[in-house]
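Colleague: Supplied in structure tokens, the structure appears directly below.
The values are calculated or read from the model by the stated rules, or taken from the named source; none is laboratory data. As the structure is a computational prediction, the values presented were derived from the model and not from experiment. Reconstructed Cβ throughout: ideal geometry from the backbone, glycine too, with neighbour counts over all protein chains shown.
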């Protein structure tokens, strides 16, 4: 499990995670229950998720433009954040879309695990932690 978390931490820059956590934390503080977050602020969660995906992609390209292939690195990193976001049952895009099936979140978590594992095989170079 630690290897998985280390790979995930290396793939997703801290700036992306921080922005997402601050945004979802802010929205969570405005609602009394997780359901109220989804009902009142689902649109914000979707916008925030999209902004984080875009900033992650552009940020990785800018950060790695002098290295090998920055677009490929940006795609790997953005994919990891995408799958991580899908796993969030109360503040993720699936929740914002009112998907509340445990199976959907379990499948998302398994896809995230497979994604990070496969990236380790396909793209073994260490990804810089930002």
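Colleague: Of the residues in the stretch 85-108, how many are within 16 Å of residue 12 (Cβ to Cβ) and modelled with pLDDT of 90 or more?
Modeller: Total satisfying the criteria: 5.
Colleague: Tell me, which residue of the stretch 1-42 that is outside any helix (DSSP H, G or I) and surrounded by 14 or more Cβ atoms within 10 Å (Cβ to Cβ) is farthest from the chain's Cα centre (by Cα)?
Modeller: Step one: of the stretch 1-42, the residues outside any helix (DSSP H, G or I) are 1, 12-13, 30-33.
Still in the running and surrounded by 14 or more Cβ atoms within 10 Å (Cβ to Cβ): 12-13, 31.
Working: 12: 7, 13: 10, 31: 22 Å.
Checked the stretch 1-42; the qualifying residue farthest from the chain's Cα centre (by Cα) is 31.
Colleague: Return the total of residues in the stretch 43-89 being crowded, with 17+ Cβ neighbours inside 10 Å and outside any helix (DSSP H, G or I).
Modeller: Matching residues across the stretch 43-89 total 4.
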